[in-house]
1. Starting from segment 28-56, keep only residues that are at pLDDT 95 or above, then list their pairs with residues that are hydroxyl-bearing (Ser, Thr, Tyr) and part of a helix (DSSP H, G or I) whose Cβ atoms are within a distance under 7 Å, requiring at least 6 positions of separation or different chains.
2. Out of contact with any Ser or Thr (no Cβ under 9 Å at 6 or more places or on another chain), farther than 23 Å from LEU91 by Cα and within 16 Å of the ligand (Cβ to nearest atom): does that describe VAL327?
3. Scan the helices (runs of 4 or more DSSP H) fully inside segment 287-398 and keep the ones with 3 or more residues being of a type outside the set (Phe, Trp, Tyr) and within 23 Å of ALA258 (Cβ to Cβ).
4. Can we say ARG262 is touching an Asp or Glu at 6+ places or on another chain (Cβ under 9 Å) and either among the charged types (D, E, K, R) or outside the structural domain of THR21 (by TED's automatic domain parsing) (or both)?
5. Out of the residues in segment 258-284 meeting the condition of being over 13 Å from the mean Cα position of the chain (by Cα) and either within 16 Å of the ligand (Cβ to nearest atom) or assigned to a strand (DSSP E or B) (or both), tell me which one is farthest from GLY79 (Cα to Cα).
6. Considering only residues of segment 149-170 that are touching an Asp or Glu at 6+ places or on another chain (Cβ under 9 Å) and part of a helix (DSSP H, G or I), which is nearest to the ligand (Cβ to nearest atom)?
7. Quick one: how many residues across segment 204-228 are farther than 30 Å from GLY152 by Cα, away from the ligand (no atom under 16 Å from the Cβ) and either aromatic (Phe, Trp, Tyr) or open to solvent by 10 Å² or more (accessible area, probe 1.4 Å) (or both)?
8. Anything in segment 229-245 that is in a loop (DSSP other than H, G, I, E, B), open to solvent by less than 30 Å² (accessible area, probe 1.4 Å) and either away from the ligand (no atom under 13 Å from the Cβ) or not assigned by TED's automatic domain parsing to the domain that holds LEU194 (or both)? List them, or say none.
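The values are calculated or read from the model by the stated rules, or taken from the named source; none is laboratory data. This structure is a prediction, so every number in the text was calculated from the model and none was measured. Cβ: placed from backbone, ideal geometry, glycine included. Neighbour counts: every protein chain shown. Keep in mind that these areas ignore ligands, DNA and RNA; they rest on the heavy atoms of the full protein, side chains included. Shrake-Rupley method; radii C 1.70, N 1.55, O 1.52, S 1.80 Å.
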Amino acid sequence: MTADLIIDRIETIRVPEHPNTLWVQVHAGGLIGLGETYYLPGAVESVIHDLAAPLLLGQRAYDRERLWADVFAHANFFGHAGAELRGLSALDIALWDLVGQRLGVPIHDLIGGKCRDTIPVYATCANTPLYDDQTASLNRAGELAESLLAEGFTQMKLWPWDRFAPQRQPRGHTGPAGWSAVGQPGHRLTAADLASGLEPVRAIRAKVGDRMAIAIEGHSRWDLNSALTIARAVEPFGVVWMEDMIQPTSAADLARFARESRVPQAVSERLFTRWAFREVFEREAAHIAMFDLIWTGGITESIKICALADTYHLPFAPHDCTGPVNVLACLHLCAALPNAMIMEVVRGFVRGYYLDILDRPIVIRDGQAVLDFAPGLGAKLHPKLLARSDLARRVSVA
Ligand SMILES: [Mg+2]
(Lines give C-alpha, C1' and ligand atoms only; values in the text may rest on other atoms or scores of the structure.)
Protein backbone atom coordinates (compact mmCIF):
# COMPACT_ATOMS: atom_id res chain seq x y z
CA MET A 1 0.00 0.00 0.00
CA THR A 2 1.21 3.50 -0.73
CA ALA A 3 2.17 5.76 2.15
CA ASP A 4 -0.04 8.51 0.81
CA LEU A 5 -2.77 10.19 2.86
CA ILE A 6 -1.83 8.68 6.22
CA ILE A 7 -4.02 9.88 9.10
CA ASP A 8 -1.80 11.67 11.62
CA ARG A 9 -4.15 13.84 13.68
CA ILE A 10 -7.81 13.82 14.68
CA GLU A 11 -9.36 16.82 16.38
CA THR A 12 -12.84 17.53 17.66
CA ILE A 13 -14.20 21.06 17.90
CA ARG A 14 -17.13 22.56 19.78
CA VAL A 15 -18.48 26.10 20.07
CA PRO A 16 -20.54 27.34 23.02
CA GLU A 17 -23.55 28.58 21.02
CA HIS A 18 -24.11 25.16 19.40
CA PRO A 19 -23.96 22.87 22.43
CA ASN A 20 -25.30 19.85 20.49
CA THR A 21 -22.91 19.96 17.55
CA LEU A 22 -19.48 18.38 17.19
CA TRP A 23 -17.14 18.96 14.26
CA VAL A 24 -14.22 16.69 13.54
CA GLN A 25 -11.12 17.49 11.49
CA VAL A 26 -9.04 14.55 10.31
CA HIS A 27 -5.53 15.48 9.15
CA ALA A 28 -3.69 13.38 6.56
CA GLY A 29 -0.96 14.15 4.01
CA GLY A 30 -1.13 17.87 4.78
CA LEU A 31 -4.89 18.00 4.08
CA ILE A 32 -7.79 18.41 6.49
CA GLY A 33 -11.04 16.48 6.11
CA LEU A 34 -14.18 17.77 7.79
CA GLY A 35 -16.96 15.83 9.51
CA GLU A 36 -19.85 16.64 11.82
CA THR A 37 -22.41 15.10 14.07
CA TYR A 38 -25.14 16.27 16.38
CA TYR A 39 -26.34 15.50 19.90
CA LEU A 40 -24.51 14.81 23.16
CA PRO A 41 -21.10 15.79 21.73
CA GLY A 42 -19.29 14.91 24.96
CA ALA A 43 -20.19 11.26 24.52
CA VAL A 44 -19.29 11.34 20.83
CA GLU A 45 -15.95 13.00 21.58
CA SER A 46 -15.11 10.09 23.83
CA VAL A 47 -16.02 7.59 21.10
CA ILE A 48 -13.83 9.44 18.58
CA HIS A 49 -10.74 9.82 20.75
CA ASP A 50 -10.94 6.76 22.99
CA LEU A 51 -12.32 4.15 20.58
CA ALA A 52 -11.83 5.27 16.97
CA ALA A 53 -8.59 7.29 16.99
CA PRO A 54 -6.38 4.31 17.94
CA LEU A 55 -7.91 2.41 14.99
CA LEU A 56 -7.54 5.27 12.49
CA LEU A 57 -4.24 6.99 13.28
CA GLY A 58 -1.44 5.75 11.03
CA GLN A 59 -3.94 4.32 8.49
CA ARG A 60 -4.66 5.41 4.89
CA ALA A 61 -7.64 7.76 4.63
CA TYR A 62 -8.51 6.04 1.30
CA ASP A 63 -9.48 2.83 3.09
CA ARG A 64 -12.94 3.96 4.11
CA GLU A 65 -14.66 0.58 3.95
CA ARG A 66 -12.02 -1.15 6.07
CA LEU A 67 -11.83 1.65 8.61
CA TRP A 68 -15.64 1.83 8.87
CA ALA A 69 -15.79 -1.92 9.45
CA ASP A 70 -12.97 -1.76 12.03
CA VAL A 71 -14.64 0.96 14.10
CA PHE A 72 -18.07 -0.63 13.73
CA ALA A 73 -16.80 -4.01 14.90
CA HIS A 74 -15.54 -2.44 18.12
CA ALA A 75 -18.52 -0.12 18.57
CA ASN A 76 -21.03 -2.90 17.95
CA PHE A 77 -19.65 -5.11 20.71
CA PHE A 78 -21.70 -3.12 23.23
CA GLY A 79 -24.53 -2.11 20.91
CA HIS A 80 -23.74 0.35 18.19
CA ALA A 81 -26.69 2.76 17.94
CA GLY A 82 -26.12 6.17 19.50
CA ALA A 83 -22.87 7.99 20.21
CA GLU A 84 -20.80 5.21 18.59
CA LEU A 85 -22.53 5.60 15.23
CA ARG A 86 -22.54 9.39 15.48
CA GLY A 87 -18.78 9.38 16.01
CA LEU A 88 -18.23 6.96 13.15
CA SER A 89 -20.49 9.06 10.90
CA ALA A 90 -18.49 12.24 11.51
CA LEU A 91 -15.15 10.51 10.92
CA ASP A 92 -16.39 8.80 7.75
CA ILE A 93 -17.41 12.11 6.14
CA ALA A 94 -13.97 13.54 6.92
CA LEU A 95 -12.26 10.58 5.18
CA TRP A 96 -14.36 11.08 2.01
CA ASP A 97 -13.49 14.79 2.14
CA LEU A 98 -9.78 13.96 2.35
CA VAL A 99 -9.88 11.54 -0.58
CA GLY A 100 -11.83 13.98 -2.73
CA GLN A 101 -9.40 16.77 -1.99
CA ARG A 102 -6.39 14.55 -2.72
CA LEU A 103 -7.82 13.37 -6.06
CA GLY A 104 -9.19 16.82 -6.92
CA VAL A 105 -12.81 15.70 -7.36
CA PRO A 106 -16.04 16.37 -5.45
CA ILE A 107 -17.29 13.52 -3.28
CA HIS A 108 -20.18 12.81 -5.69
CA ASP A 109 -17.63 11.89 -8.35
CA LEU A 110 -16.08 9.37 -5.96
CA ILE A 111 -19.52 7.83 -5.42
CA GLY A 112 -20.93 7.55 -8.91
CA GLY A 113 -20.64 10.83 -10.75
CA LYS A 114 -23.73 12.89 -11.37
CA CYS A 115 -27.38 11.93 -11.88
CA ARG A 116 -28.53 15.57 -11.77
CA ASP A 117 -27.36 19.16 -11.35
CA THR A 118 -30.00 20.23 -8.83
CA ILE A 119 -32.27 18.55 -6.27
CA PRO A 120 -35.53 19.92 -4.83
CA VAL A 121 -35.34 20.92 -1.17
CA TYR A 122 -38.23 21.19 1.24
CA ALA A 123 -38.72 23.60 4.09
CA THR A 124 -38.92 22.14 7.56
CA CYS A 125 -40.88 24.64 9.61
CA ALA A 126 -38.62 25.19 12.63
CA ASN A 127 -38.33 28.44 14.54
CA THR A 128 -34.96 30.14 14.00
CA PRO A 129 -33.64 33.65 14.71
CA LEU A 130 -34.57 34.59 11.12
CA TYR A 131 -38.01 32.98 10.72
CA ASP A 132 -40.76 31.90 13.12
CA ASP A 133 -41.79 29.13 10.73
CA GLN A 134 -42.84 26.67 13.44
CA THR A 135 -45.15 29.18 15.09
CA ALA A 136 -46.46 30.22 11.69
CA SER A 137 -47.05 26.58 10.71
CA LEU A 138 -49.52 26.34 13.62
CA ASN A 139 -51.16 29.76 13.51
CA ARG A 140 -51.04 30.99 9.91
CA ALA A 141 -50.09 27.96 7.86
CA GLY A 142 -51.80 29.17 4.69
CA GLU A 143 -49.82 32.44 4.61
CA LEU A 144 -46.62 30.55 5.40
CA ALA A 145 -47.26 28.15 2.50
CA GLU A 146 -47.83 31.10 0.20
CA SER A 147 -44.56 32.76 1.23
CA LEU A 148 -42.61 29.51 0.84
CA LEU A 149 -44.09 28.98 -2.62
CA ALA A 150 -43.02 32.51 -3.54
CA GLU A 151 -39.45 31.50 -2.67
CA GLY A 152 -39.69 28.35 -4.80
CA PHE A 153 -40.30 25.77 -2.09
CA THR A 154 -42.92 23.24 -3.17
CA GLN A 155 -42.90 21.08 -0.04
CA MET A 156 -43.09 21.95 3.65
CA LYS A 157 -42.98 19.85 6.82
CA LEU A 158 -44.86 20.58 10.05
CA TRP A 159 -45.72 18.82 13.32
CA PRO A 160 -49.15 20.11 14.34
CA TRP A 161 -49.93 17.31 16.80
CA ASP A 162 -46.72 17.36 18.89
CA ARG A 163 -48.19 19.94 21.26
CA PHE A 164 -50.96 17.54 22.31
CA ALA A 165 -48.60 14.72 23.32
CA PRO A 166 -47.08 14.54 26.83
CA GLN A 167 -44.31 17.11 27.31
CA ARG A 168 -41.27 16.71 29.50
CA GLN A 169 -37.95 18.41 28.84
CA PRO A 170 -35.14 17.74 31.35
CA ARG A 171 -33.87 20.99 32.88
CA GLY A 172 -30.91 22.45 30.98
CA HIS A 173 -31.44 20.01 28.12
CA THR A 174 -31.45 21.48 24.64
CA GLY A 175 -33.01 18.99 22.28
CA PRO A 176 -32.51 19.04 18.53
CA ALA A 177 -33.72 22.24 16.91
CA GLY A 178 -37.38 22.30 16.00
CA TRP A 179 -38.41 19.63 18.47
CA SER A 180 -41.04 20.28 21.02
CA ALA A 181 -40.34 19.02 24.51
CA VAL A 182 -39.98 15.26 24.21
CA GLY A 183 -42.14 13.17 26.51
CA GLN A 184 -43.39 9.61 26.49
CA PRO A 185 -45.66 8.73 23.59
CA GLY A 186 -49.25 9.90 23.97
CA HIS A 187 -51.92 7.25 24.47
CA ARG A 188 -54.96 9.49 24.21
CA LEU A 189 -55.77 12.04 21.53
CA THR A 190 -59.06 13.91 22.00
CA ALA A 191 -61.35 14.75 19.10
CA ALA A 192 -60.73 18.45 19.78
CA ASP A 193 -56.94 18.00 19.61
CA LEU A 194 -57.24 15.92 16.47
CA ALA A 195 -59.26 18.72 14.87
CA SER A 196 -56.85 21.46 16.05
CA GLY A 197 -53.91 19.58 14.56
CA LEU A 198 -55.73 19.24 11.27
CA GLU A 199 -56.40 22.96 11.03
CA PRO A 200 -52.98 23.96 9.56
CA VAL A 201 -53.26 21.20 6.94
CA ARG A 202 -56.71 22.44 6.01
CA ALA A 203 -55.46 26.04 5.92
CA ILE A 204 -52.62 25.20 3.52
CA ARG A 205 -54.96 23.40 1.12
CA ALA A 206 -57.49 26.26 1.34
CA LYS A 207 -54.85 28.89 0.55
CA VAL A 208 -52.62 27.27 -2.07
CA GLY A 209 -54.43 24.07 -3.04
CA ASP A 210 -52.20 21.21 -4.17
CA ARG A 211 -49.29 23.44 -5.19
CA MET A 212 -47.64 22.78 -1.80
CA ALA A 213 -46.77 19.21 -0.83
CA ILE A 214 -47.28 18.66 2.90
CA ALA A 215 -45.18 16.32 5.05
CA ILE A 216 -46.34 15.54 8.58
CA GLU A 217 -43.73 14.98 11.28
CA GLY A 218 -44.62 13.03 14.42
CA HIS A 219 -41.30 12.94 16.35
CA SER A 220 -42.41 9.50 17.63
CA ARG A 221 -44.85 11.16 20.02
CA TRP A 222 -47.79 8.75 19.69
CA ASP A 223 -48.81 5.18 20.24
CA LEU A 224 -50.07 3.15 17.30
CA ASN A 225 -53.78 3.86 17.81
CA SER A 226 -53.33 7.63 18.06
CA ALA A 227 -50.98 7.59 15.07
CA LEU A 228 -53.59 5.73 13.01
CA THR A 229 -56.26 8.22 14.06
CA ILE A 230 -54.06 11.07 12.81
CA ALA A 231 -53.20 9.21 9.61
CA ARG A 232 -56.88 8.63 8.79
CA ALA A 233 -57.64 12.31 9.43
CA VAL A 234 -54.93 13.58 7.06
CA GLU A 235 -55.62 10.98 4.37
CA PRO A 236 -58.16 13.10 2.42
CA PHE A 237 -55.61 15.94 2.19
CA GLY A 238 -53.15 13.92 0.12
CA VAL A 239 -50.05 14.52 2.25
CA VAL A 240 -46.79 13.45 0.64
CA TRP A 241 -45.67 11.50 3.71
CA MET A 242 -45.88 11.08 7.46
CA GLU A 243 -42.75 10.36 9.45
CA ASP A 244 -41.96 8.97 12.90
CA MET A 245 -45.54 8.88 14.12
CA ILE A 246 -44.63 6.02 16.50
CA GLN A 247 -41.32 4.97 18.03
CA PRO A 248 -39.27 3.21 15.31
CA THR A 249 -38.37 0.40 17.70
CA SER A 250 -40.27 -2.35 15.87
CA ALA A 251 -40.27 -2.88 12.11
CA ALA A 252 -43.31 -5.12 12.55
CA ASP A 253 -45.32 -2.32 14.16
CA LEU A 254 -44.15 0.21 11.57
CA ALA A 255 -45.38 -2.27 8.96
CA ARG A 256 -48.74 -2.55 10.69
CA PHE A 257 -48.99 1.25 10.69
CA ALA A 258 -48.14 1.41 6.98
CA ARG A 259 -50.66 -1.35 6.23
CA GLU A 260 -53.54 0.11 8.22
CA SER A 261 -53.10 3.70 7.07
CA ARG A 262 -53.02 4.90 3.47
CA VAL A 263 -50.45 7.66 3.90
CA PRO A 264 -46.90 7.07 2.59
CA GLN A 265 -44.43 6.55 5.44
CA ALA A 266 -40.94 8.07 5.62
CA VAL A 267 -38.76 5.86 7.87
CA SER A 268 -36.61 7.02 9.78
CA GLU A 269 -33.85 9.39 10.82
CA ARG A 270 -33.70 7.36 14.01
CA LEU A 271 -32.64 4.08 12.38
CA PHE A 272 -28.97 3.20 12.48
CA THR A 273 -27.18 1.23 9.72
CA ARG A 274 -28.33 -0.78 6.71
CA TRP A 275 -29.40 -3.63 8.95
CA ALA A 276 -32.13 -1.57 10.60
CA PHE A 277 -33.31 -0.39 7.18
CA ARG A 278 -33.21 -3.96 5.84
CA GLU A 279 -35.82 -4.99 8.43
CA VAL A 280 -38.04 -2.07 7.52
CA PHE A 281 -37.84 -2.70 3.76
CA GLU A 282 -38.31 -6.45 4.10
CA ARG A 283 -41.49 -5.94 6.10
CA GLU A 284 -42.84 -3.29 3.71
CA ALA A 285 -42.90 -0.72 6.51
CA ALA A 286 -41.50 2.25 4.52
CA HIS A 287 -42.27 4.15 1.34
CA ILE A 288 -39.38 6.61 1.60
CA ALA A 289 -35.95 5.99 3.17
CA MET A 290 -35.24 8.89 5.48
CA PHE A 291 -31.86 8.39 7.14
CA ASP A 292 -29.77 10.98 8.93
CA LEU A 293 -26.32 10.71 7.39
CA ILE A 294 -24.49 12.03 10.48
CA TRP A 295 -26.28 9.55 12.76
CA THR A 296 -26.60 6.36 10.70
CA GLY A 297 -22.97 5.79 9.72
CA GLY A 298 -21.81 8.57 7.39
CA ILE A 299 -21.48 8.55 3.61
CA THR A 300 -20.18 4.97 3.42
CA GLU A 301 -23.26 3.58 5.16
CA SER A 302 -25.79 5.93 3.57
CA ILE A 303 -24.75 4.84 0.06
CA LYS A 304 -25.68 1.28 1.05
CA ILE A 305 -29.00 2.33 2.54
CA CYS A 306 -29.83 4.25 -0.66
CA ALA A 307 -28.93 1.23 -2.81
CA LEU A 308 -31.00 -1.04 -0.58
CA ALA A 309 -33.97 1.33 -0.88
CA ASP A 310 -33.53 1.32 -4.67
CA THR A 311 -33.74 -2.47 -4.78
CA TYR A 312 -37.21 -2.09 -3.21
CA HIS A 313 -38.15 0.60 -5.76
CA LEU A 314 -38.06 3.24 -3.05
CA PRO A 315 -36.56 6.74 -3.06
CA PHE A 316 -34.48 8.35 -0.33
CA ALA A 317 -34.98 11.76 1.27
CA PRO A 318 -32.16 12.59 3.71
CA HIS A 319 -32.86 14.16 7.09
CA ASP A 320 -31.52 17.53 8.21
CA CYS A 321 -32.11 19.92 11.10
CA THR A 322 -28.72 18.73 12.31
CA GLY A 323 -25.99 20.79 10.62
CA PRO A 324 -24.36 22.27 7.51
CA VAL A 325 -21.82 19.48 6.92
CA ASN A 326 -24.69 16.99 7.04
CA VAL A 327 -26.54 18.92 4.33
CA LEU A 328 -23.45 19.11 2.11
CA ALA A 329 -22.68 15.41 2.48
CA CYS A 330 -26.31 14.52 1.70
CA LEU A 331 -26.25 16.75 -1.38
CA HIS A 332 -23.31 14.75 -2.74
CA LEU A 333 -25.43 11.59 -2.37
CA CYS A 334 -28.36 13.36 -4.04
CA ALA A 335 -26.07 14.31 -6.92
CA ALA A 336 -24.64 10.84 -7.40
CA LEU A 337 -27.47 8.37 -6.77
CA PRO A 338 -30.49 7.78 -9.01
CA ASN A 339 -33.23 7.38 -6.38
CA ALA A 340 -32.83 10.75 -4.60
CA MET A 341 -36.25 12.32 -4.05
CA ILE A 342 -35.81 15.58 -2.14
CA MET A 343 -33.52 17.09 0.54
CA GLU A 344 -34.60 18.58 3.86
CA VAL A 345 -33.46 22.06 4.88
CA VAL A 346 -34.40 24.67 7.47
CA ARG A 347 -34.28 27.99 5.59
CA GLY A 348 -33.39 29.92 8.74
CA PHE A 349 -30.31 27.73 9.23
CA VAL A 350 -29.15 27.82 5.60
CA ARG A 351 -29.38 31.65 5.62
CA GLY A 352 -28.35 31.92 9.26
CA TYR A 353 -25.80 30.07 11.33
CA TYR A 354 -24.63 27.70 8.56
CA LEU A 355 -22.94 30.78 7.04
CA ASP A 356 -20.87 31.26 10.21
CA ILE A 357 -19.74 27.62 10.27
CA LEU A 358 -18.69 26.92 6.66
CA ASP A 359 -16.51 29.03 4.36
CA ARG A 360 -18.96 28.53 1.44
CA PRO A 361 -22.75 28.80 1.40
CA ILE A 362 -25.13 25.99 0.48
CA VAL A 363 -26.66 27.37 -2.69
CA ILE A 364 -30.45 27.10 -3.05
CA ARG A 365 -32.23 28.63 -6.03
CA ASP A 366 -35.97 28.43 -6.69
CA GLY A 367 -36.45 25.60 -4.23
CA GLN A 368 -33.54 23.57 -5.63
CA ALA A 369 -30.11 22.97 -4.14
CA VAL A 370 -27.40 23.56 -6.71
CA LEU A 371 -25.11 20.50 -6.86
CA ASP A 372 -21.88 22.19 -7.86
CA PHE A 373 -19.00 21.58 -5.48
CA ALA A 374 -15.28 22.13 -5.07
CA PRO A 375 -13.14 18.98 -4.54
CA GLY A 376 -14.02 16.87 -1.51
CA LEU A 377 -16.98 18.03 0.51
CA GLY A 378 -16.68 21.46 -1.07
CA ALA A 379 -16.39 23.51 2.11
CA LYS A 380 -14.22 23.89 5.20
CA LEU A 381 -14.82 25.29 8.65
CA HIS A 382 -14.89 29.07 8.40
CA PRO A 383 -11.50 30.70 9.19
CA LYS A 384 -13.28 33.09 11.57
CA LEU A 385 -14.68 30.14 13.47
CA LEU A 386 -11.30 28.44 13.71
CA ALA A 387 -9.68 31.67 14.94
CA ARG A 388 -11.97 31.94 17.94
CA SER A 389 -10.41 31.66 21.38
CA ASP A 390 -13.47 30.00 22.94
CA LEU A 391 -13.39 26.79 20.86
CA ALA A 392 -13.24 23.58 22.86
CA ARG A 393 -10.73 21.32 21.08
CA ARG A 394 -9.58 17.83 21.84
CA VAL A 395 -6.76 16.30 19.79
CA SER A 396 -5.43 12.78 19.21
CA VAL A 397 -2.14 12.38 17.36
CA ALA A 398 -0.31 9.41 15.89
MG1 LIG B 1 -38.10 13.79 11.44
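1. Hits for this filter: THR37/SER89.
2. Answer is no for this residue.
3. Per the criteria, 298-311.
4. yes
5. The qualifying residue farthest from GLY79 (Cα to Cα) is VAL263.
6. ASP162
7. 3
8. Once the filter is applied, which keeps residues that are in a loop (DSSP other than H, G, I, E, B), open to solvent by less than 30 Å² (accessible area, probe 1.4 Å) and either away from the ligand (no atom under 13 Å from the Cβ) or not assigned by TED's automatic domain parsing to the domain that holds LEU194 (or both), segment 229-245 yields only VAL239.
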